[in-house]
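Q: Encoded as structure tokens, here's the structure I'll be asking about.
The values are calculated or read from the model by the stated rules, or taken from the named source; none is laboratory data. Remember, predicted model here, so these are calculated numbers, not experimental data. With ideal geometry, Cβ positions are generated from the backbone for all residues, glycine too; neighbour counts draw on all protein chains shown.
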Amino acid sequence: MGVPYLRGGRDPKEGLDCVGLKIEFWRRMGFEIADPFENHCTVEGEFVEVETRKFGDSLCVDLRGDGLEEHVAVYLGMGLCIHIHLSRGVEVIPVRHLEGKIVAVMRKTEFAQAY
């Protein structure tokens, strides 16, 4: 919390983008992942149904309404997710704010087995 948005950011001391936030989240949970700069949601696990989302799942989001994901958030459970907002930085929000915009949910298998 309190980390600002920075396009391409991978260091929480300087700023993060949504992919950097996801990498940092998993790093703090004890998992290293490759930097999927080009495609946030197809490199680290398996797709699961939106309704079956669990703690740590990547929520692939279409903010522009063009059918393509261009944002990723991490599901925290209890209807909440963490993401990074362009002006507010890292924040926890209700997933309902993204309903209708979530185009896929990706689960990192090793992470799901640990939690």
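Q: Which residue pairs have Cβ atoms under 9 Å apart, sit 6 or more places apart or on different chains, and have a first residue in segment 15-33 that is touching a residue at least 24 places away in the same chain (Cβ under 8 Å) and a second that is surrounded by fewer than 18 Cβ atoms within 10 Å (Cβ to Cβ) and in a helix (DSSP H, G or I)?
A: Once the first residue is touching a residue at least 24 places away in the same chain (Cβ under 8 Å) and sits in segment 15-33, its partners that are surrounded by fewer than 18 Cβ atoms within 10 Å (Cβ to Cβ) and in a helix (DSSP H, G or I) give Met29/Ala114; Gly30/Ala114; Phe31/Glu110; Phe31/Ala114; Ile33/Arg27.
Q: Any residue at all in segment 75-83 that is more than 22 Å from Ile33 (Cα to Cα) and either crowded, with 21+ Cβ neighbours inside 10 Å or in contact (Cβ under 8 Å) with a residue 24 or more places away in the chain (or both)?
A: Initially, segment 75-83 is screened for residues more than 22 Å from Ile33 (Cα to Cα), giving 78-80.
Next cut, either crowded, with 21+ Cβ neighbours inside 10 Å or in contact (Cβ under 8 Å) with a residue 24 or more places away in the chain (or both) only: none.
No, segment 75-83 has no match at all.
Q: Continuing with the same structure: Go through Gly89, Gly67 for me and flag whichever is of a type outside the set (Val, Ile, Thr) and within 19 Å of Pro4 (Cα to Cα).
A: Details: Gly67 fails: within 19 Å of Pro4 (Cα to Cα).
On inspection, the qualifying residue turns out to be Gly89.
Q: Let me ask something else. Quick test of your reading of the structure: His97 fulfils all but one of (1) part of a helix (DSSP H, G or I); (2) within 17 Å of Gly2 (Cα to Cα). Name the failing condition by number.
A: (2)
Q: Further question: Take Gly30 and tell me if it is within 17 Å of Thr109 (Cα to Cα), at pLDDT below 95, exposed (fewer than 15 other Cβ atoms within 10 Å of the Cβ) and of a type outside the set (D, E, K, R). If you could, list the steps in order and put the result at the bottom.
A: Working: within 17 Å of Thr109 (Cα to Cα): yes; at pLDDT below 95: yes; exposed (fewer than 15 other Cβ atoms within 10 Å of the Cβ): yes; of a type outside the set (D, E, K, R): yes.
Yes: the conditions hold for Gly30.
Q: Something else: So if I check each of Leu63, Leu59, which one is within 14 Å of the chain's Cα centre (by Cα) and either of a type in the set (D, E, K, R) or at pLDDT 90 or above (or both)?
A: On the way: Leu63 fails: either of a type in the set (D, E, K, R) or at pLDDT 90 or above (or both).
Exactly one residue qualifies, and that residue is Leu59.
Q: Sort out which residues of segment 1-14 are over 16 Å from Cys81 (Cβ atoms), in contact (Cβ under 8 Å) with a residue 40 or more places away in the chain and loosely packed, with under 15 Cβ neighbours inside 10 Å, and write them in order of number.
A: Gly2
Q: Continuing with the same structure: Can you pull out the residues in segment 81-115 that are under 19 Å from Arg28 (Cα atoms), over 12 Å from the mean Cα position of the chain (by Cα) and hydrophobic (A, V, I, L, M, F, W, C)?
A: So in segment 81-115, the residues under 19 Å from Arg28 (Cα atoms) come out as 81-84, 89-92, 106-115.
Then drop every residue that is not over 12 Å from the mean Cα position of the chain (by Cα), which leaves 89, 109-115.
Listed by number, the residues that qualify are Phe111, Ala112, Ala114.
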